[in-house]
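Colleague: Dropping the structure in here first, questions after.
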Amino acid sequence: MKENYVAKGFDSFWADETEPDLPPNGSYWNIGPGTQYFNVFPLFHTAAFYDGFRRDLKTRALILARDSYLGAQHNGAIFWSSDINANWDTLKRQVPTGINFVASGMPYWSTDIGGWQYLPAVHKPERTPLIAPSDARANVGGYDDYPELYVRWFEYGAFQPNFRSHGSRPQNEVWSYGKQAEPILEKYLKLRYELMPYIYSLAHGTHENGAPFMRGLFMDFGGDPKVVDVGDEYMFGPSLLVAPVVEQGVTSREVYLPAGTDWYNFWTNVRMHGGQTVTVAAPIDVIPLFVKAGSILPLGEAVESTNERQRVAKVKVYPGTDGDFELYRDDGTTYEYEKGKSELTQFHWSDGAKKLTRSGAKAEVVSEDGLVEVVGVGH
C-alpha cells in the first residue's frame, strides 16, 4: 500500500471488502482456524491501514470499509451497508439498520444513496411519481419512480454520519436525475454544509465519549416507553429528530415526538408538545425534521467543500428550556488535536433570561450583527 498508493499521493482508502472471500471452513490463518477467527478479519485488516497511517502519513486515517468487528471504530474506519438494492423496500430497511449498527459501538455509518445494484430495465410504480423521469431517461432508463426514490434517499443521507452517494447509474451527480430533482438535491447538499459546525462538534463528542451521534430514540428518551420499538425515526445529535420518508408517492407521514420536551418543526418553526404522534406534511422536497426545545444550532456559511475554512454564520436557539452546546474546531486533517491544538466554545441558553452567552475560545463568525436568532422571538 505504501509503495503503490501512499507514495503516489493517496491519503485515504476505500478498503471495500474488509472480509475474507473464503468461507471459514478449511481456512487457517496465522492466529488460528477460520472457523474460530473468521469474524475478526475486519478488525486486523483496518488496523493494518491505520497503523500505516500513523507511521507514514501526517493526515488522519480515513478508511471506508464494508465489514466491521468490535474495536474497528478505533482504526479510523467508516462503514456502509454494502451493495444494496435500489428499491423502496431497501430504503425502508436502511433506517433501522443504521440505528442498530451505530448502537453496536461503531458511530460512522452510511448507505449507498440510491442503492448500489443496477436498476431494472422497467419499473412502473403504484402511484404517480412525484418527480417526472422524462428528462433523466439516459440515467434511470425505464425505472419511472427512480428519481423520486433517489431524492428521498438523498434527503435521508444528509442526516447520516457519512454522507455519500454511490451506485451503478451511468451518472451520479445532483444534476443527473432531472430538472425537478436537481434543486431539491442542491437544497440538501447545501443544508449538509450549513450544518457542518454542528456535525463536526457531534463527532468530537463521539470521540470523547464513544456514543454515536446518530441514535435510536431509546438512547435519549429512555423514560418514554413509547419509543422502545420506534425504528423509522432517530436523533441526529441531541437536537435533531429525523423521520425519513420511505414510501413511494406519499406526501405526509406520521412522526412520534418523544415525551418530556417540546419540539419545533425545522421547516415551519411551529412548536409542538412531546408525547404525541403527529401527521406531518412531507412534499417531495421536505424530510420531516424536528428540533428539540432548548437546542442551540450553530450554522455555517456557504462553502464549496470542507477544504475551506468555514465560519459560523448564525446561531439558532430553540427556546423552551435551558440549553448548552459545545462548538468544536481543529485543523480538520491532522492529529495535532491530540497535542491540544483545538478550540472549544461553550454556548449556554438561559430560558428564563432569554439570553445566549458564550465562553471559552472565541468562535470564528461571519458577523456579530444578527448572529443569534431565537426561534419565535427574533434576533
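The values are calculated or read from the model by the stated rules, or taken from the named source; none is laboratory data. Values in this document were obtained by computation on a predicted structure and should not be read as measured data. So basically every Cβ, Gly included, is an ideal-geometry build from the backbone, and we count neighbours across all protein chains shown.
Colleague: Filter segment 131-164 for residues that are more than 15 Å from Pro244 (Cβ to Cβ) and assigned to a loop (DSSP other than H, G, I, E, B) and give the result. Please lay out each step first, then the result.
Modeller: Within segment 131-164, the first condition is being more than 15 Å from Pro244 (Cβ to Cβ), and the residues that meet it are 131-147, 162, 164.
Passing the criteria: Ile131, Ala132, Pro133, Gly141, Asp144, Asp145, Asn162, Arg164.
Colleague: Of the residues Asp285, Asp369, which single one is within 25 Å of the chain's Cα centre (by Cα), of a type outside the set (A, V, I, L, M) and assigned to a loop (DSSP other than H, G, I, E, B)?
Modeller: Working: Asp369 fails: within 25 Å of the chain's Cα centre (by Cα).
Of the residues listed, the single one that is within 25 Å of the chain's Cα centre (by Cα), of a type outside the set (A, V, I, L, M) and assigned to a loop (DSSP other than H, G, I, E, B) is Asp285.
Colleague: Which ones in segment 96-120 are surrounded by fewer than 19 Cβ atoms within 10 Å (Cβ to Cβ) and either closer than 22 Å to Gly210 by Cα or touching a residue at least 60 places away in the same chain (Cβ under 8 Å) (or both)? First the steps, then the outcome.
Modeller: Let us first name the residues in segment 96-120 that are surrounded by fewer than 19 Cβ atoms within 10 Å (Cβ to Cβ), namely 96-97, 100, 103-105, 117-118, 120.
Passing the criteria: Pro96, Thr97, Asn100, Ala103, Ser104, Gly105.
Colleague: Please enumerate the residues belonging to segment 134-155 that are out of contact with any Ser or Thr (no Cβ under 6 Å at 6 or more places or on another chain), of a type outside the set (A, V, I, L, M) and surrounded by fewer than 22 Cβ atoms within 10 Å (Cβ to Cβ).
Modeller: Taking segment 134-155 as the starting set, the residues that turn out to be out of contact with any Ser or Thr (no Cβ under 6 Å at 6 or more places or on another chain) are 134-138, 140-155.
Filter again for of a type outside the set (A, V, I, L, M), leaving 134-135, 137, 141-148, 150, 152-155.
Residues satisfying the conditions are Ser134, Asp135, Arg137, Gly141, Gly142, Asp144.
Colleague: If we only count helices (runs of 4 or more DSSP H) wholly inside segment 17-125, which ones have 1 or more residues that are of a type in the set (D, E, K, R) and more than 25 Å from the chain's Cα centre (by Cα)? Spell out the reasoning first.
Modeller: Working: elements: 34-37, 41-56, 88-103.
Those helices (runs of 4 or more DSSP H) span 41-56.
Colleague: Now, a different point. Identify, from the list Thr59, Thr18, Thr35, Thr46, the residue that is over 30 Å from Tyr150 (Cα atoms), polar (S, T, N, Q) and in contact (Cβ under 8 Å) with a residue 40 or more places away in the chain. Explain how you work it out, then say what you get.
Modeller: Working: Thr18 fails: over 30 Å from Tyr150 (Cα atoms); Thr35 fails: in contact (Cβ under 8 Å) with a residue 40 or more places away in the chain; Thr46 fails: in contact (Cβ under 8 Å) with a residue 40 or more places away in the chain.
Only one candidate qualifies: Thr59.
Colleague: Here's something else I'd like to know. Could you list, in sequence order, all residues of segment 335-363 that are closer than 17 Å to Arg309 by Cα and surrounded by 16 or more Cβ atoms within 10 Å (Cβ to Cβ)?
Modeller: First, pick out the residues of segment 335-363 that are closer than 17 Å to Arg309 by Cα: 336-337, 341-345, 361-363.
Those that are closer than 17 Å to Arg309 by Cα and surrounded by 16 or more Cβ atoms within 10 Å (Cβ to Cβ): Tyr337, Thr345, Ala363.
Colleague: Filter segment 2-58 for residues that are at positive phi and modelled with pLDDT of 90 or more; which is surrounded by the most Cβ atoms within 10 Å (Cβ to Cβ)?
Modeller: Taking segment 2-58 and keeping what is at positive phi, we get 9, 16, 26, 32.
Narrowing further to those that are modelled with pLDDT of 90 or more: 9, 32.
Values: Gly9: 6, Gly32: 10.
Top of the filtered list is Gly32.
Colleague: Counting residues that are in contact with a Gly (Cβ under 8 Å, 6 or more places away or on another chain) and farther than 25 Å from Arg93 by Cβ, which strands (runs of 3 or more DSSP E) fully inside segment 201-282 reach at least 2? First the steps, then the outcome.
Modeller: On the way: elements: 234-236, 240-242, 252-257, 262-265, 271-273, 276-281.
Here the list reads 262-265.
Colleague: Here is a further query. Which number in (1) modelled with pLDDT of 95 or more; (2) surrounded by 13 or more Cβ atoms within 10 Å (Cβ to Cβ) marks the one condition that Thr306 misses?
Modeller: Failing condition for Thr306: (1).
Colleague: In addition: In segment 309-328, what residues are of a type in the set (D, E, K, R) and either under 20 Å from Leu240 (Cβ atoms) or in contact with a helix residue (DSSP H, G or I) (Cβ under 8 Å, 6 or more places away or on another chain) (or both)? Walk me through how you get there before you give the answer.
Modeller: So in segment 309-328, the residues of a type in the set (D, E, K, R) come out as 309, 311, 314, 316, 322, 324, 326.
Within segment 309-328, Lys314, Lys316, Asp322, Asp324, Glu326 qualify.
Colleague: May I ask you to list the residues in segment 165-187 that are part of a loop (DSSP other than H, G, I, E, B), polar (S, T, N, Q) and touching a residue at least 40 places away in the same chain (Cβ under 8 Å)?
Modeller: Selection gives Ser168, Asn172, Ser176, Gln180.
Colleague: Within the group Ala77, Ala86, which residue is within 21 Å of Leu43 (Cβ to Cβ), of a type in the set (Gly, Ala, Ser) and touching a helix residue (DSSP H, G or I) at 6+ places or on another chain (Cβ under 8 Å)?
Modeller: On the way: Ala86 fails: within 21 Å of Leu43 (Cβ to Cβ).
Just a single option satisfies the conditions, and that option is Ala77.
Colleague: Still on this structure, please answer the following. Cβ-Cβ distance below 7 Å, separation of 6 or more or different chains: which pairs start in segment 275-299 with a residue that is of a type in the set (Asp, Glu) and end on one that is modelled with pLDDT of 95 or more and surrounded by 19 or more Cβ atoms within 10 Å (Cβ to Cβ)?
Modeller: Asp285/Ile184
Colleague: Does Ser68 qualify as being hydroxyl-bearing (Ser, Thr, Tyr), closer than 23 Å to Thr333 by Cβ, in contact with a strand residue (DSSP E or B) (Cβ under 9 Å, 6 or more places away or on another chain) and not assigned by TED's automatic domain parsing to the domain that holds Gly216?
Modeller: Working: hydroxyl-bearing (Ser, Thr, Tyr): yes; closer than 23 Å to Thr333 by Cβ: no; in contact with a strand residue (DSSP E or B) (Cβ under 9 Å, 6 or more places away or on another chain): yes; not assigned by TED's automatic domain parsing to the domain that holds Gly216: yes.
Taking the combined requirement at face value, the residue does not satisfy it.
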